[in-house]
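Quick notes on the structure that follows.
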Amino acid sequence: KHSLNLSEFSHRIFVMETGLHDLRYELNSEAGLVDAPDLLWEHALAERLYEKVVAHHDTHRRTTLLNERLSFSLDYLNTLSEHVRHEYSSRLEKIIIVLIFFELCVGMA
């Protein structure tokens, strides 16, 4: 059985979240699939052809669907991240309780 410590697990979650945000950025801004390229503005026929191709491939619906799936994945990673933060807090609380206990023992001696 392979186990991860909280730091490693937290780092992996961060890397995955960063990757999903990068994917979302590429999907929504760099891909340029949603809006017609500037080059086509001067050529009405080419722009209409582009719009027909986008409509045929249902690009807007597919982009929306991918965004929803990315949101679901990011929400899931956020839940995992919250769990890791809770585990960190619990660990720190236990350490503080043990330190207080030792301080009381030393003070009574």
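Got a sec? Charge dipole of the chain, +1 on Cβ for Lys and Arg, -1 for Asp and Glu; which of Phe14, Leu40, Met108 is way out at the positive end?
Projecting each Cα onto the dipole axis, the largest value belongs to Met108.
Which value, in debye to the nearest 20, describes the size of the charge dipole of the range 37-97 about its Cα centre when Lys and Arg Cβ atoms bear +1, Asp and Glu Cβ atoms bear -1, and nothing else is charged?
Result for the range 37-97 is approximately 260 debye, rounded to the nearest 20.
If you roll a 1.4 Å probe over the heavy atoms of the protein chains, what accessible area per residue do you get for the chain, in Å²?
Dividing the accessible area of the chain by its residue count gives 84 Å².
Select one label from [x] 27.6, 87; [y] 25.4, 91; [z] 17.0, 52: the one whose number is Rg and Dmax of the Cα atoms in Å as derived from the coordinates shown.
Given [x] 27.6, 87; [y] 25.4, 91; [z] 17.0, 52, the calculated one carries the label [y].
222 nm [θ] for the chain, helices only, -39500 (n - 2.57) per DSSP H run of 4+, per residue, to 500?
-27500 deg cm²/dmol
The values are calculated or read from the model by the stated rules, or taken from the named source; none is laboratory data. Here the structure is a predicted model, which means the values were calculated and not measured. Cβ sites come from the backbone with ideal geometry, for glycine too, and all protein chains shown count toward neighbours. Note: areas computed on protein heavy atoms with side chains; ligands, DNA, RNA excluded. Shrake-Rupley method; radii C 1.70, N 1.55, O 1.52, S 1.80 Å.
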